[in-house]
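Visitor: What follows is a single structure, and I will ask about it in a moment.
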Amino acid sequence: MPVLPAIARAAPRVVSLLACAVPLAACAPTALAPGAAANVRITHNEPGKDCAFLGDVTGSQGNFLAGAITSNADLETGARNDLKNRAAALGGNVVYLLTQRAGQTGGKDHQEQTNVTLSGNVYRCG
């Protein structure tokens, strides 16, 4: 069984590689789903009467662990992509943004942004 010792020797390297890769993957923004999500528009203006209301959505990115090592731009992009993905899943193409919050974590001497949450109403227009 010469294969078994080779696997045993490689195991620590694989574990080390995974230990480094997993936290870095957690820092990446949520990806925009292929298809309809790319056509979702986020606006601060309520859509007109020619649009049908489909529901509410909330998109977010980050938490107290990964958010501390994720850039603010990636937190914002991830939350926006999550919002668009959820709106597209409802069949919408416009999100009327209602709230935009940035969460912060830390002690009395140090605060850092660790998450972003966006909420809005989904519409199907045109």
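Read-outs: derived from the displayed coordinates by stated rules, not from any lab. Only a predicted model underlies this, so the values are computations on that prediction, with no experimental measurement involved. All Cβ positions, glycine included, derive from the backbone under ideal geometry; neighbour counts span all protein chains shown.
Visitor: Along the Cα→Cβ direction, 7 angstrom out, place labels at residue 99 and residue 73. What is the inter-label distance in nm?
Guide: 2.8
Visitor: Another question about this same structure. Excluding residue 119 itself, calculate the net charge of residues whose Cβ lies under 9 Å from the Cβ of residue 119, where each Lys or Arg counts +1 and each Asp or Glu counts -1. Numbers along the way, then the final one.
Guide: On the way: positive: 101; negative: 56.
That sum, taken over residues with Cβ under 9 Å, equals 0.
Visitor: How much length would be gained if the chain were fully extended between residue 125 and residue 56, taking 0.36 nm per residue of separation minus their Cα-Cα distance, in nm to one decimal?
Guide: Values: separation 69, 0.36 × 69 = 24.84 nm, distance 1.53 nm.
Length gained, residue 125 through residue 56: 23.3 nm.
Visitor: Rank these for me by crowding, 9, 124, 86, going from fewest to most other beta carbons within 10 Å.
Guide: Numbers: 9 9, 124 16, 86 22.
Ordered from fewest to most neighbouring Cβ atoms within 10 Å, 9, 124, 86 come out as 9, 124, 86.
Visitor: Follow-up. With θ set to phi - 60° and the Karplus curve 6.51 cos²θ - 1.76 cosθ + 1.60, what are the ³J(HN,Hα) couplings of region 74-91 in order, to the nearest whole Hz, using x for Gly and Pro?
Guide: 5, 4, 5, 4, x, 5, 5, 5, 4, 4, 5, 4, 5, 5, 4, 5, 7, x
Visitor: Something else about it: Among residues other than residue 83 whose Cβ falls under 12 Å from its Cβ, what is the net charge (Lys/Arg +1, Asp/Glu -1)?
Guide: Values: positive: 41, 80, 84, 86; negative: 56, 76, 82.
Net charge around residue 83: +1.
Visitor: For residue 41, what residues show an amide H to amide H distance below 5 Å, using hydrogens built from the backbone and excluding near sequence neighbours?
Guide: For residue 41, whose amide H was placed from the backbone, the distant partners under 5 Å are 94, 95.
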